[in-house]
Amino acid sequence: MPSFISRRIQFYTQFGLPLAGDLYLPEPMPAGDRVPGIVLCQGYTGLRNLLLPGIAQRLAQKGLAALIFDYRGFGDSGGPRERLYPENLVRDVRNGLSFLSQQPEIESSQLGLYGVSFGGAVAAYAAALDRRVKAVVSVSAFADGEELIRANYPPEEFRKLLDRASRALNHQATVGVEAHFHPLEIMSFEPGAEKVYEEFVKKMPQLQTRMAFDTLDSILNFKPIDVVHRIAPRAYLIIHAEKDRKTSLEQAKALARKAGEPCQLAVFPDCDHPDLDRGHGMEEQVRLAGEWFKSHF
């Protein structure tokens, strides 16, 4: 049975910030050959070791190299903490592509992106900007950050959230003191999310974090739907759970409508968001993704 090897790596992003990661490679490597390389993009406040190693291992077993890493300010990477600005995540991912393209085991003309949950939106956005990406897969991605959050709040509660953010940013600008919120305040849309989060934190204390309020402003203004058409004519696979309660299926359909060919939307029936992240749908989504990459490189 094909196996894999992994090694710790470090590369650099904007302002020379060091990003920590792991590179997974097929074992044995094809004699004298290079293999396609995939950068994996983790989700909201995620660490590379939370959900991605299983995906990276399976890709390596399929003959693909897979790079996982912590975004700036998270996990083992450098940079200011407590901030998740999507535009910066896109820069980190593109620098991951640059690093991957320079590795001796990688065929630099065959690079791909594979993002899960929040990382699915980041992967789509980065692919739209970076022509080095030959194929991209996004799982449980959102199309519009404002719609993502608005859809999960009653109108009055959403207005209160915006007012709270506005006051926090005004206070920061006036006195130089940041206000923070718990990450689940804007991303706790699956039942039992608090309990799941607490269990993850027990296993991985680094996951415990706060978010500066300008993070919310950045997420509200992050709209992959505005750029997704630029991925074409490169290949784009969208995987989504039919009953996703965190990111509605309509968000995935919106991306598919706006994207050019070749684009495919694969809907997993009777599945919710966590089923693709870490449940019974994970194996099948990795199988589909691996086939998508291999057929379009």
The range 95-115, residues that are more than 18 Å from ARG234 (Cα to Cα), touching a helix residue (DSSP H, G or I) at 6+ places or on another chain (Cβ under 8 Å) and open to solvent by less than 10 Å² (accessible area, probe 1.4 Å): ILE106
Which numbered condition THR174 fails, given (1) surrounded by 15 or more Cβ atoms within 10 Å (Cβ to Cβ); (2) modelled with pLDDT of 85 or more; (3) of a type in the set (Ser, Thr, Tyr); (4) out of contact with any Lys or Arg (no Cβ under 8 Å at 6 or more places or on another chain): (1)
Hits in the range 73-89 - residues which are under 24 Å from ARG7 (Cβ atoms) and either buried (at least 20 other Cβ atoms within 10 Å of the Cβ) or of a type in the set (Gly, Ala, Ser) (or both): GLY73, PHE74, GLY75, SER77, GLY78, GLY79, LEU89
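Could you tell me which of the residues ASP92, ASP22, ASP70 is acidic (Asp, Glu) and open to solvent by 10 Å² or more (accessible area, probe 1.4 Å)?
Matching residue, one of ASP92, ASP22, ASP70: ASP22.
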Selection from the range 60-95 of residues that are over 14 Å from TYR125 (Cβ atoms) and part of a helix (DSSP H, G or I): ALA60, GLN61, ASN95
Count of residues meeting criterion [without any contact (Cβ under 8 Å) to a residue 24 or more places away in the chain and under 23 Å from ARG278 (Cβ atoms)] in the range 139-155: 0
Looking only at the range 178-228, and only at residues there that are open to solvent by 50 Å² or more (accessible area, probe 1.4 Å), part of a loop (DSSP other than H, G, I, E, B) and modelled with pLDDT of 85 or more, the one that is nearest to CYS271 (Cα to Cα): ASN221
The range 30-46, subset at pLDDT 85 or above and among the aliphatic types (A, V, I, L, M), residue nearest to LEU111 (Cα to Cα): ILE38
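The values are calculated or read from the model by the stated rules, or taken from the named source; none is laboratory data. Just so it is clear, the structure is predicted and the values come from calculations on it, not from any experiment. Quick reminder, even Gly has a Cβ in these numbers, built from the backbone with ideal geometry, and neighbours come from all protein chains shown. For the accessible areas, the whole protein counts, side chains as well, though only heavy atoms, and no ligand, DNA or RNA atoms are used. Shrake-Rupley method; radii C 1.70, N 1.55, O 1.52, S 1.80 Å.
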